[in-house]
Amino acid sequence: MPNTNPKTVETLERKIAAGRKRLYEIYAEHGYTDSAVLAYSIKLDKLLNRYQRLDQGSLSTTKPSH
């Protein structure tokens with residue numbers, strides 16, 4: 001099983017939490033159709049995808065080949 005660095009996971013979790021909070025703030029200021037909301041949503045999606053890859057890597061002993 002791959003060894004996932006707990007500090008990496010914790011840092012990513014903090015970034016995700018802060019990103020969610022900021023996204024809600026931007027949404028409240030500008031509404032959901034504003035380009036700033038979309039841009040920040042994309043940024044948050046990238047963080048979430050990275051977190052998911054870390055999580056899947058820690059649960060799987062082999063990674064699928066592409």
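The values are calculated or read from the model by the stated rules, or taken from the named source; none is laboratory data. As the structure is a computational prediction, the values presented were derived from the model and not from experiment. Note that we place each Cβ from the backbone using ideal geometry, even for glycine, and neighbour counts take in every protein chain shown.
Scan the stretch 1-13 for residues that are surrounded by fewer than 10 Cβ atoms within 10 Å (Cβ to Cβ) and at pLDDT 90 or above and jot them down.
Selection gives nothing.
Name the residue that is farthest from Tyr27 (Cα to Cα), counting only residues in the stretch 40-66 that are among the small types (Gly, Ala, Ser) and either modelled with pLDDT under 85 or exposed (fewer than 10 other Cβ atoms within 10 Å of the Cβ) (or both).
Ser65
Is it fair to say Ile16 is farther than 21 Å from Thr4 by Cβ, at pLDDT 95 or above, touching a helix residue (DSSP H, G or I) at 6+ places or on another chain (Cβ under 9 Å) and β-branched (Val, Ile, Thr)?
No.
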